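The next block holds one structure in the form of structure tokens; read it before the comments.
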Amino acid sequence: MEKINIGTNVSPYPMPLALVGAMVGGRINFLTVAWLARVNYKPAIMAVAINRRHFSAPGIRENGVFSVNYPSADLITETDYCGMVSGRVADKSGIFEVFYGELENAPMIKKCPLCLECRVIDTITLPSNELFLGEIVGAYTEEQYLTDGKPDIKKLNPLLLSMPDNNYWTVGAHAGIPWEAGKQFKREKK
Ligand SMILES: Cc1cc2nc3c(=O)[nH]c(=O)nc-3n(C[C@H](O)[C@H](O)[C@H](O)COP(=O)(O)O)c2cc1C
């Protein structure tokens, strides 16, 4: 089949969605973020791209901390809302019940099955976004989301996004085991 060049407005897919928490002017705020990833093993570092015009950006800059809260699919309404409405025009502090770990200004969402608290170690200025690099200081879940002591994607039931078609998804079927699926092929290549 011939390859078609579809332009540059493409994203990796699916993208896990997160609600990024920050304290802005002393008030709790959450915004929805799809452009985020784990980018370092040790120390564990998250990269989160946030448009510098968003209400949250100066709060993260000022306090040097943020939280990353992965909602399950049943939080689709609240997640979509936090991605449509700015803290500049509405107070989003009462939407979720929050808790704190070690970092005073990184509010985390009780209803989210997996929450990270991060300390900013660097910020990269991109044309529209600030890329906040945050070291994970703590990660929080509940027993009900674990299998053999590890977060279980089926139990977390994360909310995923595809762009540029703009759709929300949940996780599909298990496909294989990493560092295992290619072993036979690797042996044959020797
Ligand atoms: C599905 C979805 C994904 C989004 N991903 C991002 C993102 O990765 N980075 C970003 O800066 N804004 C993203 N947004 C937009 C912000 O969440 C939105 O503008 C929000 O209202 C900003 O909130 P704030 O002004 O209170 O900080 C996304 C919105 C939605 C609905």
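Bear in mind that the values in this text are calculations on the coordinates, not laboratory data. Source: prediction; values computed, not measured. Note that we place each Cβ from the backbone using ideal geometry, even for glycine, and neighbour counts take in every protein chain shown.
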*Lys and Arg at +1, Asp and Glu at -1: add these up for the other residues within a Cβ distance under 14 Å of residue 99 and post the number.*
-3
_I need the phi-derived Karplus couplings for region 128-133: 6.51 cos²θ - 1.76 cosθ + 1.60, θ = phi - 60°, integer Hz, Gly and Pro marked x._
10, 10, 9, 9, 7, 9
*For the chain, what size does the Cα cloud have along each of its three principal axes, sorted from largest down, in whole Å?*
60, 44, 32
*So what is the 222 nm mean residue ellipticity for the chain from helices alone, if each DSSP H run of at least 4 adds -39500 (n - 2.57) and you divide by all residues, rounding to the nearest 500 deg cm²/dmol?*
-3500 deg cm²/dmol
_Please compute the length gained on full extension between residue 126 and residue 61, using 0.36 nm multiplied by the number of residues separating them and subtracting their Cα-Cα distance._
21.9 nm
*Which longest run of the chain has no exposed loop site in it, a site being GluC sites (Glu not before Pro) in a DSSP loop with at most 13 other beta carbons within 10 Å, and the site itself not part of the run?*
3-96
_Zone residues, region 1-28, relative to residue 175, backbone N less than 15 Å from point 7 Å out along Cα-to-Cβ_ = 12-16
_Taking amide H atoms as placed 1.01 Å from N in the peptide plane, list the residues 5 or more away in sequence, or in a different chain, whose amide H sits under 5 Å from that of residue 159._
17, 73
_Amide hydrogen neighbours beyond the local backbone of residue 24, cut-off 5 Å, H modeled_ = 29
*Straight distance only, please: which lysines reach the Cα of residue 111 with their own Cα at less than 29 Å, same-chain residues fewer than 8 apart left out?*
42, 92, 150, 154, 155
*Average Cα contact separation per residue, region 15-189, under 8 Å, 6 or more apart, as relative contact order %*: 24
*In which sequence would 45, 4, 121 go, from the one with the fewest C-beta neighbours within 10 Å to the one with the most?*
4, 121, 45
*Per-residue HN-Hα couplings for region 176-190, Karplus 6.51 cos²θ - 1.76 cosθ + 1.60 at θ = phi - 60°, whole Hz, x for Gly and Pro?*
x, 10, x, 6, 10, 4, x, 4, 4, 4, 4, 4, 5, 7, 5
*Order of 67, 93, 56 under a 10 Å beta carbon neighbour criterion, fewest first*: 93, 56, 67
*asked:* For a quick check of your reading of the filter: which trypsin sites (Lys or Arg not before Pro) in region 32-109 sit in a DSSP loop and have no more than 16 other Cβ atoms within 10 Å?
replied: 52, 53, 88
*Can you sort 96, 30 so the residue with the fewest Cβ neighbours within 10 Å comes first?*
96, 30
_Mean separation of Cα contacts under 8 Å (6+ apart) over length of region 42-114, as relative contact order %_ = 36
_Dipole magnitude (debye, nearest 20) for region 15-189, charges at Cβ of Lys, Arg, Asp, Glu_ = 500
_Per residue of region 165-174, what does 6.51 cos²θ - 1.76 cosθ + 1.60 with θ = phi - 60° give for ³J(HN,Hα)? Whole Hz please, x for Gly and Pro, Karplus curve as stated._
6, 6, 9, 9, 9, 10, 6, x, 7, 5
*Estimated dipole of region 1-112 in Debye, rounded to 20 [Cβ of Lys and Arg +1, of Asp and Glu -1, Cα centre]*: 300
*Return the long-range amide H neighbours of residue 65 (sequence gap of 5 or more, or a different chain), with a cut-off of under 5 Å between placed amide H atoms.*
120
